[in-house]
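Here the structure is laid out as structure tokens; the discussion comes afterwards.
The values are calculated or read from the model by the stated rules, or taken from the named source; none is laboratory data. Everything numeric here is computed off the predicted structure, so don't read it as measured data. Positions of Cβ are generated from backbone atoms using ideal geometry, with glycine treated the same way; all protein chains shown enter the neighbour counts. For accessibility, only protein heavy atoms count, side chains too; no ligands or nucleic acids. Shrake-Rupley method; radii C 1.70, N 1.55, O 1.52, S 1.80 Å.
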Amino acid sequence: MERSDQLFARFGRTCAPGEVLFREGEPGDLMFVLQSGSVRITKTVKGEEKTLAVLGPGEFFGEMAILNDKPRTATATVEEPTKVLVLGARTFEQMVVSNAEIAVRLIKRLARRLDSANELIEVLMHRDPKARVILGLSREAQYNGRPQPDGSVRVPLGVAELAEQVGLDLPKTQEVVKRLTRLGIARPEGDALVVTDVARLEEFYEFLEMRERFGDA
């Protein structure tokens with residue numbers, strides 16, 4: 001039996017779509033490692049549920065409640081048939097102490113999440129709605145995107161969810177996405193967005209920044 005199979009036999013759980021693994025505000029003594037499927041992380045802001053991320057295989061989540069002994073700061077909901085490893089605080093601590101590779105991966109992942117959070121703050125502070133949509137999409141492509149064989153990046157986030165994340169109404173976000181589609185930079189595809197050219201997306205943002213700084217002339 002392979003090591004991954006051994007781990008799943010010991011710590012694994014199969015989850016159905018819609019299952020809530022934990023809720024914001026609850027105490028937490030478990031963390032999760034996503035082996036297959038996807039999980040949506042949401043947070044309530046001013047009475048509205050906001051999507052923070054949609055996690056895919058290889059991601060771990062829920063560890064902050066173990067590390068800082070504070071209530072859950074977000075809700076985790078299963079999006080599709082999913083397999084997770086469920087680790088208690090003692091098991092998690094033993095794995096970190098006994099395995100330097102796991103400890104380093106944890107530090108890198110936490111640093112990455114801090115970068116992502118800082119970038120989200122930058123997105124929400126931007127005045128130009130077009131720039132907010134582009135920055136938000138670029139951020140999702142970087143942190144949660146799934147590279148495709150044709151070189152595009154599939155972002156597991158719909159237009160409505162992107163609108164929630166960047167703090168804009170749906171019509172304004174749809175307008176920007178339609179423009180990106182016309183330019184061949186990104187397009188909606190089912191419940192996801194596909195960035196066909198990440199470099200052009202970033203160039204378009206830089207163009208908007210220059211136009212705002214120097215005017216249309």
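Numbers below:
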read-out	value
Test: residue in the stretch 86-93 that is in contact with a Phe, Trp or Tyr (Cβ under 8 Å, 6 or more places away or on another chain) and assigned to a helix (DSSP H, G or I)	yes
Positions within the stretch 130-157 being over 14 Å from Ala186 (Cα atoms), part of a loop (DSSP other than H, G, I, E, B) and more than 9 Å from the chain's Cα centre (by Cα), in sequence order	Pro149
Cβ pairs under 6 Å, 6+ apart, first in the stretch 136-150 and open to solvent by less than 20 Å² (accessible area, probe 1.4 Å), second in a loop (DSSP other than H, G, I, E, B)	Glu140/Leu157
Hits in the stretch 111-129 - residues which are at pLDDT 70 or above and either closer than 17 Å to Arg40 by Cβ or part of a helix (DSSP H, G or I) (or both)	Pro129
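Residues are listed down the side, and each one gets a yes or a no for (1) of a type outside the set (Gly, Ala, Ser); (2) modelled with pLDDT under 75; (3) over 21 Å from Leu193 (Cβ atoms):
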{"position": "Glu93", "(1), (2), (3)": "yes, no, yes"}
{"position": "Val97", "(1), (2), (3)": "yes, no, yes"}
{"position": "Ala100", "(1), (2), (3)": "no, yes, yes"}
{"position": "Ser138", "(1), (2), (3)": "no, no, no"}
{"position": "Gly151", "(1), (2), (3)": "no, no, no"}
{"position": "Ala160", "(1), (2), (3)": "no, no, no"}
